[in-house]
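Below: the structure, in structure tokens.
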Amino acid sequence: MNEIPSRYNPKETEDKWYSFWESKNLFAGKVDRAKKPFSIVIPPPNVTGILHMGHALNNTIQDILIRYHRMKGFETLWMPGTDHAGIATQNVVEKAIAKEGLKRQDLGREKFIERVWQWRQQYGSTIIRQLKKLGASCDWKRERFTMDEEYSKAVLEVFVKLYEKGLIYQGSYIINWCPRCQTALSDEEAPHRDVEGKLYYIQYPLKSADSRQLSAESCIVVATTRPETMLGDTAVAVNPKDKRYKHLIGKTLILPLVNREIKIIGDAIVDMKFGTGAVKVTPAHDPNDYAMGKKHHLEFINLMYPDGRLNENAGEYKDMDRFEAREVILEDLQEKGLLEKTEPHALSAGHCYRCHTIIEPYLSKQWFVKMKPLAKPAIEAVKKGKIKFYPKRWTKVYLNWIENIQDWCISRQIWWGHRIPVYYCKKCQEPIVSKIKPEKCPDCSGTDIYQDEDVLDTWFSSWLWPFATFYWPQETEDLKYFYPTSALVTAPEIIFFWVARMIMAGFEFRKEIPFKDVYIHGTVRDIEGKKMSKSLGNIIDPLEIINEYGCDALRFSLISITAQGQDVYLSKERFEQGRNFANKIWNASRFILTNLERENTKTDLCVFFKEKDLSLVNRWILSRFYSVLKEVEQNLEKFKFNEAANLLYSFFWHEFCDWYLELIKPEIKDQETQVVMFKVLEKFLRAMHPFMPFITEEIWQLLQGKTDSESIMVAPWPHIQEQIIDKKSEKKVAGLFETITTIRNMRSELEIPLHEDIEVKIYLNNKVKTAFMQSMQGHIIHLAKLSKLDFEQTYSHGQGQFVLVLKDMHIAVSLKNFDIAQYKAKINQRIEKNKSDIKAKEAMLKNKSFVERAPAEIVENERQKLQELKDSLKKLEGVRDGIN
RNA sequence: GGGCGAUUAGCUCAGUUGGUUAGAGCGCUACACUCACAUUGUAGAGGUCAUAGGUUCAAGUCCUAUAUCGCCCACCA
């Protein structure tokens, strides 16, 4: 019959149209002062990344925004790129060279970095290729990488600027140290996780006491979760108000195992209620103790090597791993009778966000950014609504974090990253901050100069992404045109790492917001609510879904089940809905195309409106389309993608296909119908395109010669024709459908098979409505599959008729096998239901306060409904009485 | 310790400023392939909207507790 297959095959279309778009350069964003810009910078995936469902959701949303605005006539730019992901990438490459039996130290810094670049050359574009599979309409020619030469310039510029402003400083503090990655981490990179720990009670003897005979008076018991750190204790602290210990402040204790003398100090920070009320103080391995150490001028004893083994300060425990040492120390204490008791104790500890190793609070010299001054405008901007979060609740999370912001540790002891632009003179050790290596020391003119070994936190480059991608600090035309960007789409866990910092950087370096709207989508989880992760083995691979169901199916299903900002629970079956919908679009289009006369595709709708009014059915479908389109737009503007997608879905499937196409089948060759069905399809495809780019393009191209644009992606978004929205017609047609549904329902209830002819008579005592129903006679016969449909003004009981009441109508079906008992039962059932409905309504309307206080229209509405119910009841009772 | 989210049909979830008979997808039941589509169509069954109070003429929706699950934050020794 035709050459279009009955099943949509995504494999034949997706790559074809993606290359087509790329070859026509349709993704490119250019400065065009005549148009408004709409720009998004992609959250740059890690260069080591492999596409997962989180990416799929994140990028589908961005692509919808971009494609929608492009069609809306904005000059759009979606800036793509990848992040060098310092620690993650270094770990990956270290693993790779480990297969050759090599450590990075074996290669040396320079050679290792070379290997990383090689690795990037080979595998770094994987994620980009995968994003293309998703249909992402990024301007790929602009692809950026946070380690690019130009980008690095921006990073150095920022470091030097902040340093000169006094916002970057170096100092020795307790930081989060990952003993596995052997680097410092920021607070955000060391999230707290619950750990099942124990609280150990250890006796510290007073110096004055007889060590052979310990009693409650001769020692202080401290409680600790980390007994191994006792080797570095330099005091025991108690609350000065604590009556139990007050008198002991200033006395000396003998630190067990080490036999070092330590003082008892008083400090109000000590919680009298926790443990024993006495706390061991280890200033080099605990942030609280560090503060106390500073305050009370205690000694700082660093116990560990960077890899987490104990160092020479640990005496006989030297070279043991910290957790191994814990066990040995506990045994030794036990042996000496100093371990009073052990209690289970839940606590939370920082974990490295890259390798999940428990963080060691570690005293070391690092570089920091003073955050409070940077935070100020970033707080203001959000409070004043210059930047909006969607959903709104994230505003509070953001503000809570940024109002309590801590200084940012930005130095990392790894090799892969932007090297810190600080140089030292070997002679005088003065740090020199400079974008390029200075030839001599400005202080002592020494020429033996070396660079700081550390690199910068990856996020110290990512936070510049919205403007550094436009070659800032150059004032490029692109930067001036596309910045601030329009929207940012990302996941909640990135708010602190990236979103907040971009806002701060935006103000500090551009004196402006970096984006207006921040859309935070949910986390993709498996059907049990677990986060998808490789280690859990619960991953649904988007590429596999694309392969099996098609990209449009993936995109549509993901979007339709993602309510704004809610987490997404996924199972593979979910994608069947998207696939089925694509197939539905495909087949409806196939049907229309095979019936469409070419000359009718060029006719303008106005012609029909001018000459005569369109038929009701045609008016109705146009009105419905524009009503839905309007809602779709409203939801897109509010970032309610699922609502928008589902509106289009149910319009197309249930209104356009189930009703409209079925209604017009008998008159499909009429010119008016041809034009209308073509227009609705063609406009629907455009509205659908941002969600399902490939199938819409494929069909668009099948319409070739019938449409104006070379690609649907640059066709204009359909303009809402307000004057075509006709709620009266919509209501009328709804009445028609209700009638048809009621007849179908009767057929089904009476178990009359579809192939059996039935005769229906409608009794209706309303001239206008009868005229309308009569004009719809053909449609009713066709869709309810009747052999005959008659109208009569007044109801009278006829033999062998099964009669139901729908509003002001009696609908009578003539039956061959009439079961009077069954009929009576059905009528009585309806009467009972009707009566109870009336009762409820009457009660409502008898309630004085309802009638007095509810808005008049609501009351009026209820009155009308009551009247309708009463009328129906009367009719039903009449029908029942007629039977006897 | 603080904060956030969730609790609605067998399952997974929508539900806008409070206002008809609380919706969808999947699953289930019955029927239907000469018909664009069986990745389909028609009809149907299925809900004390977590619990307890409260506000209101009116609550799935607003308020207060409680329970369960999940997430985030915090210098919990």
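The values are calculated or read from the model by the stated rules, or taken from the named source; none is laboratory data. In this text the structure is predicted, and so the values were computed from the model without any measurement. With ideal geometry, Cβ positions are generated from the backbone for all residues, glycine too; neighbour counts draw on all protein chains shown. The protein model used for the area step is the full one, side chains on, heavy atoms only, and it has no ligands, DNA or RNA in it. Shrake-Rupley method; radii C 1.70, N 1.55, O 1.52, S 1.80 Å.
Once the Cβ-Cβ distance of A:N311 and A:M272 is raised to the sixth power relative to R0 = 30 Å, the FRET efficiency obtained is 0.30. Remark on A:T76: its backbone amide H falls under 5 Å from those of A:F38, a criterion applied only to residues 5 or more positions apart or on other chains, H modelled at 1.01 Å from N. Hey, how many Å between the Cα centroid of the range A:63-122 and the Cα centroid of the range A:252-323? Centre-to-centre distance over Cα atoms comes out at 41 Å. Within the straight-line cut-off of under 21 Å between alpha carbons, the lysines reachable from A:K392 are A:K376, A:K383, A:K384, A:K516, A:K638, A:K640, sequence neighbours fewer than 8 places apart in one chain being disregarded. D by Stokes-Einstein for the range A:203-334, Kirkwood Rh over Cα pairs, 4 °C, 1.567 mPa s: 87 µm²/s.
In terms of overall dimensions, the range A:762-838 has a Cα radius of gyration and Dmax of 13.8, 36 angstrom. Taking the square roots of five times each eigenvalue of the Cα gyration tensor of the range A:534-673, the equivalent ellipsoid has semi-axes of 36, 18, 11 Å, listed largest first. A:D757 to A:A734: FRET efficiency via 1/(1 + (r/R0)^6), r the Cβ-Cβ distance, R0 30 Å, to the nearest 0.05? My answer for the efficiency is 0.65. Per-residue ellipticity at 222 nm, computed for chain A from helices alone with -39500 (n - 2.57) per DSSP H run of at least four residues, works out to -13000 deg cm²/dmol. Note on A:K133: lysines with a C-alpha under 23 Å away, same-chain residues under 8 apart excluded, are A:K11, A:K16, A:K24, A:K141, A:K534, A:K572, A:K584. Accessible area per residue for the range A:165-210 is 45 Å², calculated with a 1.4 Å probe on protein heavy atoms, without ligands, DNA or RNA. Solvent-free Debye calculation, one equal scatterer per alpha-carbon of the range A:824-869: log10 I(q)/I(0) at 0.17, 0.27 Å⁻¹ equals -0.52, -0.92.
Of the trypsin sites (Lys or Arg not before Pro) in the range A:781-825, the ones in a loop by DSSP (not H, G, I, E or B) with at most 10 other beta carbons within 10 Å are A:K816.
For A:I858 and A:K295, what is the calculated FRET efficiency with R₀ set at 51 Å and r taken between the beta-carbons, to the nearest 0.05?
Numbers: r = 68 Å, r/R0 = 1.33.
For A:I858 and A:K295, the calculated efficiency is 0.15.
Net length available on complete extension from A:K440 to A:R598 is 48.9 nm, with 0.36 nm assigned per residue and the Cα-Cα distance removed. Summing Lys and Arg as +1 and Asp and Glu as -1 over all other residues whose Cβ lies under 14 Å from the Cβ of A:V433 gives a net charge of -1.
Here chain A exposes an accessible surface that is 49 percent carbon and sulfur, computed with a 1.4 Å probe and the other protein chains kept in place. Would you kindly give the portion of the calculated P(r) for the range A:274-376 that falls above 22 Å, as a percent of all Cα pairs? The answer is 48 percent, as a whole percent.
Each Lys or Arg adds one and each Asp or Glu takes one away; over the other residues whose Cβ falls under 12 Å from the Cβ of A:L736, this sums to +1. Remark on the range A:1-75: Rg and Dmax equal 16.4, 50 Å (Cα only). Along the range A:585-592 the Karplus relation, 6.51 cos²θ - 1.76 cosθ + 1.60 evaluated at θ = phi - 60°, assigns HN-Hα couplings of 4, 4, 6, 5, 5, 4, 4, 5 Hz to successive residues, with x for each Gly and Pro. The aspartates and glutamates whose alpha-carbon is closer than 19 Å to the alpha-carbon of A:K728, local same-chain residues fewer than 8 away aside, are A:D613, A:E631, A:E655, A:E738, A:D808, A:E857.
Before I look further, what does the range A:285-440 give for accessible area per residue, probe 1.4 Å, in whole square angstrom?
53 Å²
Helix A:856-883 versus the longest principal axis of chain A: what is the Cα-based angle in degrees, 0 to 90, to the nearest 10? It works out to around 50 degrees. Amide H contacts of A:T183 (H built 1.01 Å from N, in plane; Pro and chain starts excluded): A:C178 sit under 5 Å, all sequence-distant by 5 or more or on other chains.
Of the beta bridges DSSP finds with both residues in chain A, what % are antiparallel, to the nearest 5? Bridges in chain A that DSSP calls antiparallel: roughly 70 percent.
Would you mind checking the tilt of helix A:394-403 against the longest principal axis of the Cα atoms of chain A, expressed as 0 to 90 degrees and rounded to 10? For A:394-403 against chain A, the angle is about 20 degrees. Of the chymotrypsin sites (Phe, Trp or Tyr not before Pro) found in the range A:778-832, none is in coil by DSSP with at most 10 other Cβ atoms within 10 Å of its Cβ. Amide H contacts for A:V195 (H built 1.01 Å from N in the peptide plane; partners 5 or more residues away or on another chain; cut-off under 5 Å): A:L347, A:S348, A:A349. Remark: spin-label model distance A:Q121-A:K630 equals 6.0 nm, labels positioned 7 Å along the Cα→Cβ axis. Compute the helix-to-body angle for A:693-702: its Cα long axis versus the longest principal axis of chain A, expressed 0 to 90° and rounded to tens. Around 40 degrees separate the two axes. Per-residue Karplus couplings for the range A:320-331, computed as 6.51 cos²θ - 1.76 cosθ + 1.60 with θ equal to phi - 60°, are listed in order as 6, 5, 4, 7, 5, 4, 4, 4, 5, 4, 4, 4 Hz, Gly and Pro entered as x. For the range A:130-174 and the range A:579-658, what is the separation of their C-alpha centers, rounded to whole Å? Each part reduced to its Cα centre gives a spacing of 46 Å. Loop-located trypsin sites (Lys or Arg not before Pro) in the range A:478-515 (DSSP state other than H, G, I, E, B) with a sparse environment of at most 16 neighbouring Cβ atoms within 10 Å: A:K511. Taking the empirical scaling 2.2 N^0.38 Å for compact globular proteins as reference, chain A has a Cα radius of gyration ratio of 1.29. Under the Kirkwood approximation applied to all pairs of distinct alpha-carbon atoms, what is the hydrodynamic radius of the range A:71-165 in Å? One over the average 1/r among Cα pairs gives 16.0 Å for the range A:71-165. With each label modelled as a point 7 angstrom along the Cα→C-beta vector, the A:E576-A:I668 pair spans 2.8 nm. Averaged per residue, the range A:679-739 has 36 square angstrom of accessible surface, using a 1.4 angstrom probe with ligands and nucleic acids left out. Please tell me the relative contact order of the range A:275-347 in percent, rounded to the nearest whole number, where contacts are Cα pairs under 8 Å and at least six residues apart. Computed value for the range A:275-347: 15 percent relative contact order. Over all Cα atoms in the range A:723-852, the spread is summed up by Rg and Dmax: 17.2, 55 Å.
Here the range A:411-510 is described by how far its Cα atoms reach on the three principal axes: 51, 32, 20 Å, from widest to narrowest.
Summed over all non-identical Cα pairs, the Kirkwood treatment of the range A:557-639 gives a radius of 16.5 Å.
Counting charges near A:I546 (Lys, Arg +1; Asp, Glu -1) among other residues having Cβ under 13 Å from its Cβ returns a value of +1.
Give, in nm to one decimal, the length gained when the segment between A:K584 and A:S849 is fully stretched (0.36 nm per residue of separation minus the Cα-Cα distance). Here the answer is 90.3 nm.
Step by step: find N for the range A:362-453, compute 2.2 N^0.38 Å, then divide the Cα radius of gyration by it. What's the final number?
Ratio of Cα Rg to 2.2 N^0.38 Å: 1.58.
In order along the range A:715-726, the Karplus-derived 3J(HN,Hα) couplings, from 6.51 cos²θ - 1.76 cosθ + 1.60 at θ = phi - 60°, round to 6, x, 4, x, 7, 5, 9, 3, 5, 8, 5, 9 Hz, and Gly and Pro are given as x. The mean sequence separation of alpha-carbon pairs under 8 Å and at least six residues apart, normalised by the residue count of the range A:773-884, gives a relative contact order of 29 percent. The value of relative contact order for chain A, using C-alpha pairs under 8 Å at least six residues apart, is 12 percent.
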